[in-house]
Amino acid sequence: MSHPLEPQLAAYIATRLPDATDVAVSGLERISGGASRETYRFRLTWRQSGEARARRLILRRDPPASLIDTERRIEFAAYRAFHGSAVPVPEMLWLEEADDALGHPFFIAEEIAGFQAAPALLFAGGYDAVLPRLADRKWTILGEIARADPVALGLTEVMAAPALDACWRRELDHWEHIFDADEAEPQPIARAAIRWLRTNPPPPAQKLSVVHGDYRTGNFLFDEAGDIHGVLDWEMAHLGDPLEDLAWGLNPIWEFGRGLAGGLVPQEDAIAIWKRASGLQVDPIALHWWLLFNCVKGQGIWVGSARAFIDGGNRDPVLAYAAWWLLNAQDRAILKVMGKL
Amino acid sequence: MTPQVPLVLGEMAALAMRNAGPDVPDGERQTALTLAAMLLGVAAEVWDTAAEHLVRENRAVAALLGDADDESDLRLTALRAENARLRSLLIAAHVAAEQAGDRAREDAIWAELIASTERRKLSISSI
């Protein structure tokens, strides 16, 4: 059975390929690809200059409400900025910010097919021998993101560029606002952490970097040799302190119960790889601040996930599951980072 | 625990009805039903433990604050409302203790917050 979106999608793509004929979409199916956008894969076929052509593509469409509200223009720009670089990302093709074509804004990208992303599969035993190799690739790529020049990438044209001593405040203000707007019940642990973060600000960022914002195990495509073929889910990308990105992946939530950074290697090994790749330093006091901040940010995401489900803007079961699974676990991560557990 | 179980169960029932129809692509049906099944498994645990956790937590926080714990209504909705009231007061008490430099009071509040996460732990929790 064909998906009801297929003819609408084909009609849209036909407008973007003026030299093509017989544009058709088939095999459209929704896949798990993060809860902030609806992700579909499909096969595009068309004829051009008398030749039949085909390509496997990805559609990322905004849901009615999300656990994080982000600008798809920024996500699209971040992917485009790194395409063809040492940071593997899919090629972005078309961005559509109006609702007319598919009911909500969306973008279309190439599908990087044949690889895996799920942590459950990665930690099932079959990949144990390549986990150190994967860790090396993971934090080397993150180091490359940190080392990149946002101005040279053109990203300062679409992303705000805070002063080096203002990066922390901008992010903390943003996520505290999420709590103010979205929390469905009081959050005494996260609120205590926020007060501590405001009272003990970190030193200024050593440079202004691109921050992926959700660089963790589960958001990249890996193979059986431990290589990484695509870094995904750039919807929280922004400019800021490079230690923010390093610390997000060290959030105890992303250890998946294995007691290792990202479930892969000891934390000191991950930091050493990142330092080598980025050429940057890691001030332990600053890293601790960003680690606690990222636990608060994580809680802000789960609070927003619960809110989106409660309000009915998005009743995707993944939102309720994320809230039930992670709200208390994230509180315990905050306690752990604060030395209370 | 938010969102609350009745809301989630109602939505899962609606999801099951939608996916019983012939117009849902197979891949989407498989994804939706797998996640719904996982959620229903957690719902059973959340539902079974909710009253126990709320009563214990409300009593503990009320004792810490020297506040009267209202147990005149033991429905989950009433227990949750009382829990939200008490935890809001706990945040205010925590701020006051920090500003007064009252370390003993701070430690007592942290002890209750740690205990609250032990009460709320689910079997699927990794921390």
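The values are calculated or read from the model by the stated rules, or taken from the named source; none is laboratory data. The structure displayed is predicted, hence computed values, not measured ones. Note that we place each Cβ from the backbone using ideal geometry, even for glycine, and neighbour counts take in every protein chain shown.
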Checklist entry - Do any residues in the stretch A:94-119 that are more than 21 Å from residue A:215 (Cα to Cα) have Cβ atoms under 6 Å from those of residues that are of a type in the set (S, T, N, Q), where the two are at least six apart or on different chains, and which pairs are they? => result A:102/A:8
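In the stretch A:24-45, what residues are more than 17 Å from residue A:109 (Cβ to Cβ) and among the hydrophobic types (A, V, I, L, M, F, W, C)? Break it down into steps so the answer makes sense when it comes.
Here is the first cut: in the stretch A:24-45, the residues more than 17 Å from residue A:109 (Cβ to Cβ) are A:24, A:26, A:35, A:45.
Matches in the stretch A:24-45: A:24, A:35.
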Next on the checklist: I need the full set of residues from the stretch B:86-127 which are more than 9 Å from chain A (Cβ to nearest Cβ) and in a loop (DSSP other than H, G, I, E, B), in order please.
Outcome noted: B:101, B:102, B:123
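Residues are listed down the side, and each one gets a yes or a no for (1) farther than 30 Å from residue A:197 by Cα; (2) more than 8 Å from chain A (Cβ to nearest Cβ):
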residue	(1), (2)
B:25	yes, no
B:30	yes, yes
B:34	yes, yes
B:84	no, no
Item to check | Matching residues, the stretch A:164-201, being surrounded by fewer than 21 Cβ atoms within 10 Å (Cβ to Cβ), outside any helix (DSSP H, G or I) and touching a residue at least 24 places away in the same chain (Cβ under 8 Å) | outcome: A:164, A:165, A:183, A:184, A:200, A:201
Checklist entry - Is it the case that some residue within the stretch A:230-242 is within 19 Å of residue A:301 (Cβ to Cβ) and within 14 Å of chain B (Cβ to nearest Cβ)? => result no
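Any residue at all in the stretch B:94-104 that is within 13 Å of residue B:62 (Cβ to Cβ) and either within 15 Å of the chain's Cα centre (by Cα) or not basic (Lys, Arg) (or both)? Show your work before the answer.
Step one: list which residues in the stretch B:94-104 are within 13 Å of residue B:62 (Cβ to Cβ), which gives none.
Among the residues of the stretch B:94-104, not one is within 13 Å of residue B:62 (Cβ to Cβ) and either within 15 Å of the chain's Cα centre (by Cα) or not basic (Lys, Arg) (or both), which makes the answer no.
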Item to check | Condition broken by residue A:265, with the remaining ones in (1) in contact (Cβ under 8 Å) with a residue 40 or more places away in the chain; (2) within 14 Å of chain B (Cβ to nearest Cβ); (3) within 22 Å of residue A:122 (Cα to Cα) satisfied | outcome: (2)
Checklist entry - Is there a residue being more than 22 Å from residue A:31 (Cα to Cα) and either at pLDDT 90 or above or among the β-branched types (Val, Ile, Thr) (or both) anywhere in the stretch B:26-42? => result yes
Item to check | Options A:164, A:172, A:197, A:232; residue that is within 22 Å of the chain's Cα centre (by Cα), modelled with pLDDT of 95 or more and in the same structural domain as residue A:304 (by TED's automatic domain parsing) | outcome: A:172
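In the stretch A:321-335, what residues are facing chain B (nearest Cβ under 7 Å) and at pLDDT 90 or above?
Quick first cut of the stretch A:321-335, residues facing chain B (nearest Cβ under 7 Å) only: A:321, A:323-325, A:328-329, A:331-333, A:335.
Of everything in the stretch A:321-335, those that are facing chain B (nearest Cβ under 7 Å) and at pLDDT 90 or above turn out to be A:328, A:329, A:331, A:332, A:333, A:335.
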Item to check | Members of the stretch B:61-82 found to be free of Cβ contacts under 8 Å to residues at least 24 places away in the same chain and away from chain A (no Cβ under 13 Å), listed by number | outcome: B:63, B:66, B:67, B:68, B:69, B:70, B:71, B:72, B:73, B:74, B:75, B:78
Next on the checklist: What's the number of the only condition in (1) closer than 18 Å to residue B:91 by Cα; (2) modelled with pLDDT under 95 that residue A:186 fails to meet?
Outcome noted: (2)
Checklist outcome for this item: Residues of the stretch A:94-136 being within 25 Å of residue A:3 (Cα to Cα) and more than 19 Å from the chain's Cα centre (by Cα), in sequence order, are A:94, A:96, A:97, A:98, A:99, A:100, A:101, A:102, A:103, A:104, A:114
Checklist entry - Hey, any hits in the stretch A:133-149 for a residue that's assigned to a loop (DSSP other than H, G, I, E, B), crowded, with 19+ Cβ neighbours inside 10 Å, among the aliphatic types (A, V, I, L, M) and in the same structural domain as residue A:234 (by TED's automatic domain parsing)? => result yes
Next on the checklist: I need a count of the residues in the stretch B:1-29 that are surrounded by 15 or more Cβ atoms within 10 Å (Cβ to Cβ) and either under 16 Å from the mean Cα position of the chain (by Cα) or closer than 30 Å to residue B:58 by Cβ (or both).
Outcome noted: 9
Checklist entry - Quick one: residue B:7 ticks every box in (1) within 8 Å of another protein chain (Cβ to nearest Cβ); (2) within 24 Å of residue A:6 (Cβ to Cβ) bar one, so which box is it? => result (2)
Checklist outcome for this item: Of (1) more than 12 Å from every other protein chain (Cβ to nearest Cβ); (2) surrounded by 23 or more Cβ atoms within 10 Å (Cβ to Cβ); (3) under 20 Å from the mean Cα position of the chain (by Cα), residue A:205 fails just (3)
Next on the checklist: So, in the stretch B:30-59, exactly how many residues are surrounded by 15 or more Cβ atoms within 10 Å (Cβ to Cβ) and either in contact with a Lys or Arg (Cβ under 9 Å, 6 or more places away or on another chain) or of a type in the set (S, T, N, Q) (or both)?
Outcome noted: 8
Next on the checklist: Being under 23 Å from residue A:248 (Cβ atoms) and within 10 Å of another protein chain (Cβ to nearest Cβ) is the filter here; which residues of the stretch A:298-315 pass it?
Outcome noted: A:302, A:303, A:305, A:306, A:307, A:308
Item to check | So residue B:56, is it over 30 Å from residue B:116 (Cα atoms), more than 9 Å from chain A (Cβ to nearest Cβ) and in a helix (DSSP H, G or I) | outcome: no
Checklist outcome for this item: Of the residues in the stretch A:115-134 that are of a type in the set (Gly, Ala, Ser) and more than 19 Å from residue A:233 (Cβ to Cβ), the one that is modelled with the highest pLDDT is A:129
